[in-house]
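What follows is a short report on a single structure.
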Amino acid sequence: MYKRGHFGVAMLALAPITFWLLSTGFPVFGALVAGTVLYLAMLPDVDHRVPGVPHRGPTHSLLFAAVVGAVFAGAASLVEPVLSIAVPGGVSMVAFGFLLGFGTVVAHLLGDAITPMGVNFLWPHPRTWSLSLTTADSTIWNWGLFVLGVFALAAAVALAVRGAPI
């Protein structure tokens, strides 16, 4: 999947979360989560810029997702004592941080899992999972996922603002 497709998958993953956050009275968290997920949508592809790290190797795994989640949780643990912020769902800020970091990477992995190259979710185990629905460079799929993601996220915001029941 290319950048546009990954943004589409990220927005598809964000839509129900954004709806929930907005409709339960957490618009700031909704914007923070959406901004974070979209900003880091391409994080696993950092492997393109790191010498010696194969593409779709360690940065395309659940282990990497957990590491990113742990970094987010660590940052949240530093911020939590300073800022008194109500966190949605009654979870701690640390748990929310972990889920945000972990989920951001997993959204990227799901986008790559639809391509024939697949994803090695359990790296360093050698098995790769692929749905083989499309090639990564498919213009139709990349644009289609992007448009679908924009529509889903916009619909989630519109429904939450109108007060649609959860």
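Read-outs: derived from the displayed coordinates by stated rules, not from any lab. Treat the numbers as computed from the prediction; the structure is a model and nothing was measured. Cβ atoms come from the backbone with ideal geometry, glycine included; neighbour counts cover every protein chain shown.
Specify the residue that is farthest from the chain's Cα centre (by Cα); the eligible residues are those in the stretch 44-65 that are of a type outside the set (Asp, Glu) and surrounded by 18 or more Cβ atoms within 10 Å (Cβ to Cβ). Per the criteria, the residue is Arg56. The helices (runs of 4 or more DSSP H) located wholly in the stretch 48-166 that include 3 or more residues which are without any contact (Cβ under 8 Å) to a residue 24 or more places away in the chain and more than 24 Å from Gly5 (Cα to Cα) occupy 62-79, 93-113. Being crowded, with 16+ Cβ neighbours inside 10 Å, among the hydroxyl-bearing types (Ser, Thr, Tyr) and over 19 Å from the mean Cα position of the chain (by Cα), is that true of even one residue in the stretch 78-91? Scanning the stretch 78-91 turns up no residue that is crowded, with 16+ Cβ neighbours inside 10 Å, among the hydroxyl-bearing types (Ser, Thr, Tyr) and over 19 Å from the mean Cα position of the chain (by Cα).
Do you know which of the residues in the stretch 2-43 that are among the polar types (S, T, N, Q) and in a helix (DSSP H, G or I) is surrounded by the fewest Cβ atoms within 10 Å (Cβ to Cβ)? The qualifying residue surrounded by the fewest Cβ atoms within 10 Å (Cβ to Cβ) is Thr36. For the stretch 99-130, which residues satisfy the criterion of being more than 17 Å from Ala10 (Cα to Cα) and surrounded by 13 or more Cβ atoms within 10 Å (Cβ to Cβ)? Scanning the stretch 99-130 gives Met117, Gly118, Asn120, Phe121, Leu122, Trp123, Thr128, Ser130.
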